[in-house]
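Student: Questions regarding the structure given below will be posed in turn.
The values are calculated or read from the model by the stated rules, or taken from the named source; none is laboratory data. Just so it is clear, the structure is predicted and the values come from calculations on it, not from any experiment. Cβ placement follows ideal geometry from the backbone for every residue including glycine, while neighbour counts extend to all protein chains displayed. Each accessible area value is taken on the protein alone, full model and side chains, heavy atoms only, with ligands, DNA and RNA left out. Shrake-Rupley method; radii C 1.70, N 1.55, O 1.52, S 1.80 Å.
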Amino acid sequence: MSSSSYAGGVGSGESRDYSDYFVLPAAPAQRSLWFVCQLNPSSNAAYNVVSAVRLTGELDVVLLQQAVNAVVARHESLRTGVGLVDGDPHQLVLPEALVSLPVVDCAGLPPGAAEARVQTLAREQAAVPFALDAPPLLRLVLVREAPDRHTLIVTIHHLVCDSWSMDVFYGDLADAYRGLREHGEAGLGEPAVQYADYVGWLEEQLAGERMERMIAHWQAALSGTAPLELPVDRPRELGRGGDGGRVEARLDGVTTAALEELAKRSGGTLFMVLLTGFMATLARVTGQEDVVVGTPVAGRHHPDAERLVGFFANTLVLRARLPLLGGFGTAAEVVRDACLSAFSHDRMPFDRLVQEMRQTRALERNPLFDVMFSMPNTPAAEVRLPGLTMAPVELTRTAAKFDLWLTVLPDGDGLRLQLDYDRGLYDEATAARIVELHRLVLADALRDPAVPVGALPLAADPAPARTAGGQDPAGVPARVTVAELLAERGADSMVLSSADAVLTLGELREWAADLAGRLRAEGIAGPDVRVTTPPVPSAALVAVLLAVFEVGAVPAYGQRHDRAGAFVRRAEQEDGGWLITTGPRFDPVEDTAASGPDAPAWSAQDTDPEGAGAALSHGALAAALAAVADRLGVTPEDDVLLLDGGAPPSLVDLLMPLAHARSLMLSGVQLAPAGPPGAFVLADPPTWRRVLTEGWEPPPGARLVCVGEVLAPDLVDMLARTGRTVFLGRPGPGATAAPAALAPLDEGRGRRLGPAPAGVVRSVLDVLGRPVSAGLVGELSVADGTGAAVPVGLRCRLARDGALDVVGPGEGRLFAGDRAVPAAAVERVLTGSRGWRPRR
């Protein structure tokens, strides 16, 4: 026994005298959980293990009290707390302890009311935290519902017990009561070892090279994991708490038998097939193919530990990279291999694993994973005692230790899917949708195991194939071109300012007309000619675009002409101020018609490097300008400032102000001008981050517009802190397309996709090109001029209300800082680099 008085440390409050306790080393899991409870005191009660049994028949309450104390005397853990000793958590073991058994009499209540009272008392007991260094961490309440009907509610802190321990506790309680009733003594005896002995034995087993091999295995298995972007209904940093809810679904006997047969064919177990279905569901609601979940294991690696109460349970991390284009059968094989690998290394203490992985920790998340999956091997059974029976009682209260915890339980000839969820994060409808999707995934997998995982579940109700933006803006005629929009404006109605020139709209037209004449003289005209020009925001760039439109050619960004095209740039030293080069020799053209509404305004290969989608027409470009102006509320009295960040500018950003605003100011890359008061300020995310970090102050009353594939939360916060009106948007598929979304900043903070501008038709599609159903993730696409769906490079989740939440980059894309880049380009750079190898 300890002979000294020890002072508590972090979170321990006043100094405590532990001289009446045996002070023993704490198990690694106990140390980890103790620290969790100190860092987040509200989690203390969340780790209360609450259970209940119904005692039907003639109960001797005095003998039950004696039986409880006999069990407490047998198991050292039931007399143990955890506190700081010499700066480290230690087990504090009382030599002996008696536990009271208060009785609550509900015999006068109707049966239904008495049952409700049991559930209420269980919730109340679960919500009361323990003083962790004041054992025993055990309390009981006996509810008398009728003379021959009692319910025993048992609350033990997880620091000193686990699920297996509760079976041991009730088994020993039954044996002690039987012995007292039949022989006058409990007769439990002393166990061969106590929990502290097992802790010492396991530490020896995991010392030296064994632990080094275990660490190496798990570091390789879990390297590069990322948190699942689960469909939370409230912000994680605000909503997470300890209160849990529960939803359920049932698999009938026929389905269960079919799943067992599928497990045999895949060379796995029913556990593995059910886990595959759950992982596939998580992949579909997150859009992530790399899925990580936890599962509890008994952690009793010595026969003498099987009949002990204590915190033995360990947690295994199961990681599977699901082939979204592969069938469920293939996914089941992947999950089977992941399970076999993990269970063959199940002695790795979870808390040690967390330390060795060295991942950045966040209080709003659990380490390594946020979702658990379990399938208890044996259900609790009824026990017959002298004069009564003892049967488990299902309690409705749950504590949320994780975001989601799916437990699969036997239910007659079928199975029950029981999903516990954190009420602070999820609405009941969201949790119910997830468990229903899991049921549907399993049903579809049985019908056709070859269906791609990325298309499951097929049986879910699909969303409408297309969702359109608002109505066409008032006053915009159908089938109009940009040239026709500009022709309707007066020569002095708009001013363009840039480093190379300050021009009225009339002067800009003269520039463009002069260049168009020179292009015709070189034979550069018609929709078969592609004219490239440097992508530098300037008056010259705008003039080139208008001139190319006038001669009916197709513009593109570039630094040289292609084999069958031409190149144009401003060059003061050249005759007429323009440098024009061509590939082939063209015959001069006296006159050509300007591009019509159906003519291409940008070539398909520049819209989509992979070649998907049709070329965007002049009519579509003009409609995009009108839609953006309408969504932002741009009027002929407004000014627009376009900040240059070095990336090729969007044609919509360049031309919309010419058609709808009073002025357009083009900034240089290095210095952002002050800008006129109340101006619309347009920039992409990297440019906004640069200018705001450098301390640039937006004009008074400015309206800030940020359109990009990546809208990082910290950048959105920076924009919001300016105090100006902020519009956030996601780009469409190409330089001439309207944004796929554009709306004022709201509580979604950029994660929720705003409504589409007028005329933009978008859809969210699975790997088979089908519209996804509510709760699932797919590729965001917008319709091109032919009605075909063209991906925009984002994955979105379709919410129950039809809204879209951005969850990450689209297929073949990566987010790098504030930009999205093609994954193939990254791989090309990495290929050949020392130490790099492709993922298998």
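Student: Using only protein heavy atoms and a 1.4 Å probe, report how much of residue 642 is accessible, in Å² to the nearest 10.
Tutor: 10
Student: Got a sec? Charge dipole of the range 51-95, +1 on Cβ for Lys and Arg, -1 for Asp and Glu; which of 61, 81, 95 is way out at the positive end?
Tutor: Value: 61.
Student: Per residue, how many Å² of accessible area does the chain show with a 1.4 Å probe?
Tutor: Values: 35860 Å² over 840 residues.
Result: 43 Å² per residue.
Student: Would you mind getting me the FRET efficiency between residue 163 and residue 223? Use the beta-carbon distance for r and R0 = 30 Å, nearest 0.05. Display every interim value, and only then the final one.
Tutor: On the way: r = 30 Å, r/R0 = 1.01.
So the FRET efficiency works out to roughly 0.50.
Student: In nanometres, what is the gap between the two model label sites at residue 62 and residue 100, each 7 Å from Cα along Cα-to-Cβ?
Tutor: Result: 2.0 nm between the two label points.
Student: So how tilted is helix 111-127 from the main axis of the chain? Cα-based, degrees 0 to 90, rounded to 10.
Tutor: In the chain, helix 111-127 runs at an angle near 70 degrees to the longest axis.
Student: For the range 259-267, just list the computed ³J(HN,Hα) in residue order, Karplus coefficients 6.51, -1.76 and 1.60, θ = phi - 60°, integers in Hz, with x standing in for Gly and Pro.
Tutor: In residue order, the calculated couplings are 5, 5, 5, 4, 4, 5, 5, 8, x Hz.
Student: So, one more: How much of the pair distance distribution for the range 308-405 lies past 15 Å, counting alpha-carbon pairs only, in percent? Don't jump to the answer; show the numbers that get you there.
Tutor: Working: 3685 of 4753 pairs.
For the range 308-405, the fraction of Cα-Cα distances above 15 Å is 78 percent.
Student: Tilt of helix 270-286 relative to the longest C-alpha principal axis of the chain, in degrees (0 to 90, nearest 10)?
Tutor: 40
Student: Report, in degrees rounded to the nearest 10, the 0 to 90 angle that the Cα long axis of helix 195-205 makes with the longest principal axis of the chain.
Tutor: Once rounded, the angle reads 50 degrees.
Student: Label points 7 Å out from Cα along the Cβ direction at residue 362 and residue 107: separation in nm?
Tutor: In this crude spin-label approximation the distance works out to 5.6 nm.
Student: With a cut-off of 8 Å between alpha carbons and a minimum separation of six or more residues, what is the relative contact order of the range 780-830 in percent? Spell out each step's value before the answer.
Tutor: Working: 64 pairs, mean separation 11.2, N = 51.
Relative contact order here is 22 percent.
Student: Give the shape of the range 99-249 as rounded, prolate or oblate, defined through the alpha-carbon gyration tensor: a ≥ b ≥ c are the square roots of its eigenvalues, a/c under 1.5 means rounded, and otherwise the shape is prolate if a/b is larger than b/c and oblate if not. List each step's numbers first, then the result.
Tutor: On the way: a/c = 2.81, a/b = 1.29, b/c = 2.17.
In terms of gyration-tensor shape, oblate.
Student: When Lys and Arg each count +1 and Asp and Glu each count -1, what net charge do the other residues less than 11 Å away from residue 273, Cβ to Cβ, add up to?
Tutor: Once all neighbours under 11 Å are counted, the net charge is 0.
Student: Please identify every one of the trypsin sites (Lys or Arg not before Pro) in the range 480-521 that sits in a loop by DSSP and has no more than 10 other beta carbons within 10 Å of its own beta carbon.
Tutor: Numbers: sites: 489, 509, 518, 520; in loops: 489.
Loop-located and lightly packed - none at all.
Student: Spelling out what I want: for every residue of the range 511-522, take phi, set θ = phi - 60°, compute 6.51 cos²θ - 1.76 cosθ + 1.60 (Karplus), and round to whole Hz; glycine and proline get x.
Tutor: Result, ordered by residue: 4, 5, 5, 4, 5, 4, x, 5, 5, 5, 5, 8 Hz.
Student: Under the rule of at least 5 residues apart or a separate chain, name every residue whose amide H is placed under 5 Å from the amide H of residue 761.
Tutor: Excluding prolines and chain starts, which carry no amide H, the hits are 469, 783.
Student: Which GluC sites (Glu not before Pro) from the range 55-128 combine a DSSP loop assignment with at most 15 other Cβ atoms within 10 Å? Write down the numbers at each step before the final one.
Tutor: Values: sites: 58, 76, 96, 115, 124; in loops: 58, 96.
Taking the range 55-128 and a limit of 15 other Cβ atoms within 10 Å, the loop GluC sites (Glu not before Pro) found are 58, 96.
Student: Can you work out the Karplus-derived ³J(HN,Hα) for every residue in the range 323-334? Use 6.51 cos²θ - 1.76 cosθ + 1.60 with θ = phi - 60°, whole Hz, and x for glycine or proline.
Tutor: x, 5, 8, x, x, 4, x, 5, 4, 4, 5, 4
Student: Another question about this same structure. Treat each spin label as a single point 7 Å out from the Cα along the C-beta direction, and report the residue 243 to residue 181 distance in nm.
Tutor: 4.0
Student: Could you please report the charge total around residue 309, scoring K, R as +1 and D, E as -1 over all other residues with beta-carbon less than 12 angstrom from its beta-carbon? Present the calculation step by step, with values, prior to reporting the outcome.
Tutor: Values: positive: 74, 79, 300, 307; negative: 76, 162, 167, 172, 306.
Combined, the nearby Lys, Arg, Asp and Glu give -1.
Student: List the residues whose amide H sits under 5 Å from the amide H of residue 638, counting only those 5 or more places along or on another chain, with H placed 1.01 Å from N in the peptide plane.
Tutor: 662
Student: Follow-up. In whole percent, and with a 1.4 Å probe on the protein chains, what portion of the accessible area of the chain is carbon and sulfur? Mind showing how you got there, number by number?
Tutor: Details: 18750 of 35860 Å².
Here carbon and sulfur together make up 52 percent of the probe-accessible area.
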